[in-house]
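The values are calculated or read from the model by the stated rules, or taken from the named source; none is laboratory data. This is a predicted model, so every value here is computed, not measured. Here the Cβ positions follow ideal geometry from the backbone for every residue, glycine too, while neighbour counts run over all protein chains shown.
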Amino acid sequence: MRLKATIAYDGSRFYGFQRQKTTNETVVGRLENALRALHIDSAVIGSGRTDRGVHATGQTIHFDIPRYWHLDIEKLHRELDKRLVYIRIKRLESVSANFHARHDAYARRYIYRFSTSVPSPHIQAYIAHYAPGFDIDMLQKALSLFIGTHDFFYFHKSGSNPTTTVRTVFKTEYKHFGKQHIIAVTANGFLRAQVRMMIEAAMQTAYGNLSLKALQKQINAEECFIRTLAPAEGLYLSKIYYP
């Protein structure tokens with residue numbers, strides 16, 4: 001039986017989402033260890049990977065369970081929760097055998113949280129900091145340039161080798177509540193570090209360090225002006241969309 005799980009995790013506690021050869025201290029590593037403790041020898045497949053320090057409130061994974069667990073998924077949920085630290089399974093449900101957490105997703109949504117005041121130590125791993133003085137109207141204009149289908153060749157981390165760098169951004173949003181700011185981006189998929197590069201480019205435009213014309217040229221893959229990443233602690237994978 002194949003199970004689909006919606007999970008949340010504290011990215012500051014892991015060396016990223018994907019399994020690694022040098023450490024088990026990844027989200028997938030911890031999940032697979034918990035499954036093995038319950039005699040479930042299945043790989044964990046996620047909707048996408050998140051980098052070190054990036055959080056999730058709505059990541060989706062799938063894995064397969066042996067027959068003796070089929071009749072008590074609620075118990076399995078409880079037993080996994082006992083074995084997981086800094087990871088929470090929000091929902092666990094059976095799905096068809098051909099469901100795939102990554103391939104079946106048609107959209108992903110990230111939110112980015114930042115403050116214009118320096119965060120206190122107990123929350124600094126969960127919200128980024130940008131200095132005050134940026135132009136909110138310019139930030140919104142910069143974010144709107146990303147909407148549509150573009151070749152994001154200059155918006156992904158070097159060393160990754162995607163089959164294509166073309167992605168479609170469906171929506172960008174910006175809200176603020178005093179000194180707390182939230183940016184949301186929804187797309188059919190994202191390249192490695194794409195969201196953080198997009199956020200940083202938009203913020204530098206809002207500070208006046210990058211023109212809208214230059215940003216548009218980079219979005220068009222004509223010329224590269226900035227490859228800096230926004231701080232990881234502000235980024236959350238918030239929702240995965242399925243048909």
Residue hits (the range 24-68; surrounded by fewer than 17 Cβ atoms within 10 Å (Cβ to Cβ) and assigned to a helix (DSSP H, G or I)) are Asn33, Arg36, Ala37, Arg67, Tyr68
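In the range 144-154, what residues are assigned to a helix (DSSP H, G or I) and either without any contact (Cβ under 8 Å) to a residue 60 or more places away in the chain or under 20 Å from the mean Cα position of the chain (by Cα) (or both)?
Result: Ser144, single match.
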Scanning the range 203-230 residue by residue, those out of contact with any His (no Cβ under 8 Å at 6 or more places or on another chain) and either polar (S, T, N, Q) or not assigned by TED's automatic domain parsing to the domain that holds Ala125 (or both) turn out to be Gln204, Thr205, Asn209, Ser211, Gln216, Gln218, Thr228
Of (1) closer than 25 Å to Arg52 by Cβ; (2) surrounded by 15 or more Cβ atoms within 10 Å (Cβ to Cβ), Ala131 satisfies every one except (2)
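Condition check ((1) assigned by TED's automatic domain parsing to the domain that holds Thr205; (2) within 24 Å of Tyr207 (Cβ to Cβ); (3) touching a residue at least 12 places away in the same chain (Cβ under 8 Å)) across all residues:
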residue: Pro132; (1), (2), (3): yes, yes, yes
residue: Ile136; (1), (2), (3): yes, yes, yes
residue: Ala142; (1), (2), (3): yes, yes, yes
residue: His156; (1), (2), (3): yes, yes, yes
residue: Pro162; (1), (2), (3): yes, no, yes
residue: Val166; (1), (2), (3): yes, no, yes
residue: Thr172; (1), (2), (3): yes, yes, yes
residue: Lys175; (1), (2), (3): yes, yes, no
residue: Ile182; (1), (2), (3): yes, yes, yes
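Which ones in the range 174-191 are touching a strand residue (DSSP E or B) at 6+ places or on another chain (Cβ under 8 Å) and loosely packed, with under 15 Cβ neighbours inside 10 Å? So that I can check it myself, show each step before the final result.
First pass over the range 174-191, keeping only residues touching a strand residue (DSSP E or B) at 6+ places or on another chain (Cβ under 8 Å): 174-176, 179-191.
Answer for the range 174-191, where residues must be touching a strand residue (DSSP E or B) at 6+ places or on another chain (Cβ under 8 Å) and loosely packed, with under 15 Cβ neighbours inside 10 Å: Lys175, His176, Lys179, Gln180.
So, in the range 86-111, of the ones that are outside any strand (DSSP E or B) and under 17 Å from the mean Cα position of the chain (by Cα), which residue ends up nearest to Ile61 (Cα to Cα)?
Within the range 86-111, the subset outside any strand (DSSP E or B) is 86, 96-106.
If we keep only those that are under 17 Å from the mean Cα position of the chain (by Cα) as well, we get 86, 101-106.
Working: Tyr86: 16, Ala101: 5, Arg102: 8, His103: 11, Asp104: 11, Ala105: 11, Tyr106: 15 Å.
It comes out as Ala101.
Being without any contact (Cβ under 8 Å) to a residue 40 or more places away in the chain, assigned to a helix (DSSP H, G or I) and more than 20 Å from Gly48 (Cβ to Cβ) narrows it down to one of Ala214, Ala201, so name that one. Lay out the reasoning, then the answer.
Values: Ala201 fails: without any contact (Cβ under 8 Å) to a residue 40 or more places away in the chain.
Result: Ala214 is the single residue among Ala214, Ala201 that is without any contact (Cβ under 8 Å) to a residue 40 or more places away in the chain, assigned to a helix (DSSP H, G or I) and more than 20 Å from Gly48 (Cβ to Cβ).
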Being within 17 Å of the chain's Cα centre (by Cα) and buried (at least 19 other Cβ atoms within 10 Å of the Cβ) narrows Gln194, Gln204, Gln218 down to just Gln194
